[in-house]
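This is the structure I want to talk about, given as structure tokens.
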Amino acid sequence: MKRLAILFGCLMLFASPAMAISEFGKQWKSWAVHGWVRNLFDEEYNTRGFSFGLEPPWFERSRYTRLGDPRHYGVTVSYRY
């Protein structure tokens, strides 16, 4: 599994070409504020799947997969005491 991480720019690309995660922010002594994006390019990718014969009348093998999450983003504010 290939992984690429660029620290300080915080762009991480994983084995799936679709999955890119970006995080950026600022940290002070007690406070931190970070913005982030997951699935940056909003690509469809499979996270898991299986194949078996389930549908009548011939019960031919079919593939069923679960897609990963669509693009989502947010802001994290944290305080350490």
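Consider residue 1 carefully, then state whether it is under 20 Å from the mean Cα position of the chain (by Cα), in a strand (DSSP E or B) and modelled with pLDDT under 80.
So residue 1 fails the test.
Ok, one more. Are there strands (runs of 3 or more DSSP E) fully within region 36-81 with at least 1 residues that are small (Gly, Ala, Ser) and under 27 Å from residue 21 (Cα atoms)? List them.
Numbers: elements: 46-55, 60-67, 72-79.
Those strands (runs of 3 or more DSSP E) span 46-55, 72-79.
The values are calculated or read from the model by the stated rules, or taken from the named source; none is laboratory data. Just so it is clear, the model here is predicted, and its values are computed rather than measured.
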